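Down below is the structure, laid out as structure tokens.
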Amino acid sequence: MHHLVVGAGPAGVTACETLRQLDPSAHITLLCGESGEPYGRMAIPYYLVGNIDEAGTRLRKRPGYWESLRISLRHDRVAALAPDDDRVTLESGETLDFDRLLIATGAHPVSPAISGIDLPGVVHCWTLEDARAIAERAAEGSDVVLMGAGFIGCIILESLVKRGVKLTVIEQGPRMVPRMLDAVAGGMLQAHCESQGVRVLTRTRAEAITEAEGRLTVATSQGEIAADLVIVATGVRSNTGFLDCSGVECDQGVLVDEQLQSSRAGVFAAGDVAQGPDLLSGSRQVHAIQPTAVEHGRIAAHNMVGQGARYPGSLNMNILDTLGLVSVSFGNWEGGDAHHALVLDNRDAGRYLKLVFDEQDRLRGAIAVGHTEKVGVLRGLIQSRRPLHGWRERLQRDPTRLAEAFVAMPLAQAVKA
């Protein structure tokens with residue numbers, strides 16, 4: 001049995017390790033699309049501030065790790081998946097046959113369609129190569145423009161501030177991290193960043209980038225900004241291009257079922273490239289977060305060896321620590337009228353809590369700023385689908401009593417998703 005895993009991020013690495021545990025005699029190939037050892041993108045900010053070196057970004061640090069598991073680590077990319085045969089063609093021109101295939105190719109950054117986006121000094125922050133370019137130019141006192149204040153942008157933001165640059169953030173949306181935070185929470189994050197010396201321009205669109213005498217100029221809808229470095233963090237898109245004409249159905253990612261199998265038998269997908277079940281809605285969504293990627297890889301491996309594991313669905317969740325301000329969001333926090341939403345607004349103290357319930361009094365979404373002690377409880381309540389009958393009135397008076405509500409609800413009351 002040959003298991004071919006394409007993509008060496010958290011999903012692919014976890015899948016390979018699980019496959020080896022479940023199928024000791026199988027041949028396992030892990031294709032890594034970048035040079036060097038598999039590494040974690042989430043470690044790049046720590047590399048940028050000098051807390052770790054490049055070796056510290058590796059997902060598995062023990063020398064000879066892959067050889068010890070008898071996993072063949074190869075550096076190449078898949079150019080095409082044959083439509084009728086269990087075979088892939090690599091960019092090197094070589095072909096590989098497989099019995100089971102896991103697509104864990106992740107995503108790639110998307111650039112805005114503006115002139116000058118390919119100039120030297122305009123980079124993404126997605127790969128170690130990008131991080132090296134940033135470290136070279138982002139010297140203390142340099143002018144840096146960060147295009148995008150989404151989740152990825154805000155992760156990068158803190159490392160740039162710690163490098164001592166003069167940072168301007170441009171966000172086209174009405175607030176920072178608009179897909180994660182509502183207007184109140186996003187406003188709190190912006191105010192906190194500005195108090196730390198970061199210039200934040202929301203509702204601002206980049207229109208062009210020019211270069212003269214080694215300096216860049218970013219033309220925006222609010223005027224021109226000079227920069228030594230421009231970092232683009234305006235979103236990502238799943239890597240599915242090589243699947244054209246393969247028989248694998250794609251939408252925003254590879255469409256997979258509860259076993260993480262695609263529309264083509266024997267072909268699975270996991271991580272940022274997989275559009276799989278959502279815990280709350282039952283629809284298929286891409287949740288590009290590391291906990292989902294790891295669990296995808298584990299479940300997919302079980303099904304690649306025929307164990308019939310079911311994936312219950314992922315929970316949309318994000319946790320940001322931005323210059324000391326912790327903000328989190330879980331589930332479907334958008335919407336929620338006065339009857340279904342509870343809000344504790346204490347912006348002056350840097351604390352905000354929003355709870356959104358469904359018709360059965362189950363917590364379906366939450367936003368918290370400055371409430372670090374509530375993170376585990378919020379996640380547990382949403383994932384367990386426990387109805388909070390009898391607690392709505394008490395939580396209305398004091399939403400911080402979530403832990404008491406969680407303990408008070410017996411497991412027998414949990415409603416299966």
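Cross-link candidates for Lys162: which aspartates and glutamates have Cα within less than 12 Å, leaving aside residues fewer than 8 places away along the same chain?
By straight Cα distance, Lys162 reaches Glu140.
So the label point goes 7 Å from the Cα of Arg70 along Cα→C-beta, right? Which residues of segment 17-44 then have their backbone N under 12 Å from it?
20-28
Cα-based Rg (one decimal) and Dmax (whole number) for segment 116-259, in Å?
Cα-based Rg and Dmax for segment 116-259 come out at 17.1, 55 Å.
Could you state, as a whole-number percent, how many of the C-alpha pairs of segment 254-366 are farther apart than 23 Å? Write down the numbers at each step before the final one.
Details: 2650 of 6328 pairs.
Value for segment 254-366: 42 percent of Cα pairs lie more than 23 Å apart.
Select from Gln285, Gly331, His124 the residue farthest towards the positive end of the dipole of the chain; place +1 on Cβ of Lys and Arg, -1 on Cβ of Asp and Glu, and compute about the Cα centre.
Most positive-ward Cα: Gly331.
Using the Cα centre of the chain as the reference point, and only Cβ charges (+1 on K/R, -1 on D/E), how large is the resulting charge dipole? Debye, rounded to the nearest 20. List each step's numbers first, then the result.
On the way: 41 positive and 50 negative charges, 277 e Å.
With only Lys, Arg, Asp and Glu charged at Cβ, the dipole is about 1320 debye.
Cα extents of segment 1-80 along the three principal axes, largest first, in whole Å?
Dimensions of segment 1-80 along the principal axes of its Cα atoms: 44, 29, 18 Å.
Kirkwood hydrodynamic radius for segment 34-159: how many Å is it when counted over pairs of different Cα atoms?
For segment 34-159, the Kirkwood estimate is 17.5 Å.
Above 17 Å lies some portion of the pair distances; for segment 53-117, what is it as a whole percent of all C-alpha pairs?
Numbers: 1329 of 2080 pairs.
When every Cα pair of segment 53-117 is considered, 64 percent fall beyond 17 Å.
Calculate the spin-label point distance for Gln307 paired with Arg394, positioning each point 7 Å from the Cα along the beta-carbon direction, and give it in nanometres.
3.9 nm
Quick one: what does P(r) look like for segment 227-267 with 10 Å bins over all Cα pairs, in whole %?
24, 40, 17, 13, 6, 0
Mind telling me which of Ala15, Ala274, Ala43 comes out most flexible in a GNM of the chain, alpha-carbon contacts under 10 Å?
Ala43
State the Kirkwood hydrodynamic radius of segment 124-185 in Å, one decimal place, computed from all pairs of distinct Cα atoms.
12.3 Å
Would you kindly give the portion of the calculated P(r) for the chain that falls above 37 Å, as a percent of all Cα pairs?
Values: 26217 of 86736 pairs.
Counting every Cα pair in the chain, those more than 37 Å apart make up 30 percent.
Using Cα pairs closer than 8 Å and at least 6 residues apart in sequence, work out the relative contact order for the chain, in percent.
On the way: 919 pairs, mean separation 58.4, N = 417.
Computed value for the chain: 14 percent relative contact order.
How would you order 246-253, 233-240 from highest to lowest mean count of nearby Cβ atoms within 10 Å?
Values: 246-253: 17.2, 233-240: 20.1.
Result, highest mean Cβ count within 10 Å first: 233-240, 246-253.
Relative contact order for segment 332-413: what is it in percent, counting Cα pairs under 8 Å that are at least 6 residues apart? Spell out each step's value before the answer.
Values: 116 pairs, mean separation 20.4, N = 82.
After rounding, I find 25 percent.
Using a/c under 1.5 as the rounded threshold, could you call segment 332-413 rounded, prolate or oblate? The axes a ≥ b ≥ c are square roots of the C-alpha gyration tensor eigenvalues, and prolate needs a/b larger than b/c, oblate otherwise.
Details: a/c = 1.65, a/b = 1.37, b/c = 1.20.
Prolate, because a/c is 1.5 or more and a/b exceeds b/c.
Based on DSSP H assignment, which helices of the chain show an axial Cα extent of at least 15 Å together with a mean Kyte-Doolittle hydropathy greater than or equal to 0.5? Can you show the working numbers first?
Values: long enough: 10-22 (18 Å, 0.23); 151-162 (18 Å, 1.83); 183-195 (18 Å, 0.46); 290-304 (21 Å, -0.54).
Within the chain the helices that satisfy the rule are 151-162.
I'd like the Karplus ³J(HN,Hα) series for segment 60-75: coefficients 6.51, -1.76, 1.60, θ = phi - 60°, whole numbers in Hz, and an x wherever there's a Gly or Pro.
Listing the rounded values in order: 10, 9, 6, x, x, 4, 5, 5, 5, 8, 6, 10, 7, 8, 10, 10 Hz.
Round to the nearest 0.05 the FRET efficiency obtained for Thr210 and Lys162 when R0 = 35 Å and r is the Cβ-Cβ distance. List each step's numbers first, then the result.
On the way: r = 29 Å, r/R0 = 0.83.
Once the sixth-power term is evaluated, E becomes 0.75.
Residue by residue through segment 254-271, which ³J(HN,Hα) values in whole Hz follow from phi under the Karplus form 6.51 cos²θ - 1.76 cosθ + 1.60 (θ = phi - 60°), with glycine and proline marked x?
6, 6, 10, 9, 5, 9, 6, 8, 7, 5, 10, 4, x, 10, 10, 9, 8, x
Amide H neighbours of Thr234 under 5 Å, counting only residues 5+ apart in sequence or on other chains, H built in-plane at 1.01 Å?
Val110
So what's the back-of-envelope 222 nm ellipticity for the chain, counting only DSSP H runs of four-plus at -39500 (n - 2.57) apiece and dividing by all residues, rounded to 500?
Result for the chain: -6500 deg cm²/dmol, rounded to the nearest 500.
Throughout, read-outs are computed from the coordinates displayed, never taken from laboratory work. Note that this is a predicted model, so its numbers are computed, not measured. Because the Cβ atoms are built from the backbone with ideal geometry, glycine has one as well, and the counts that use them run over all protein chains shown.
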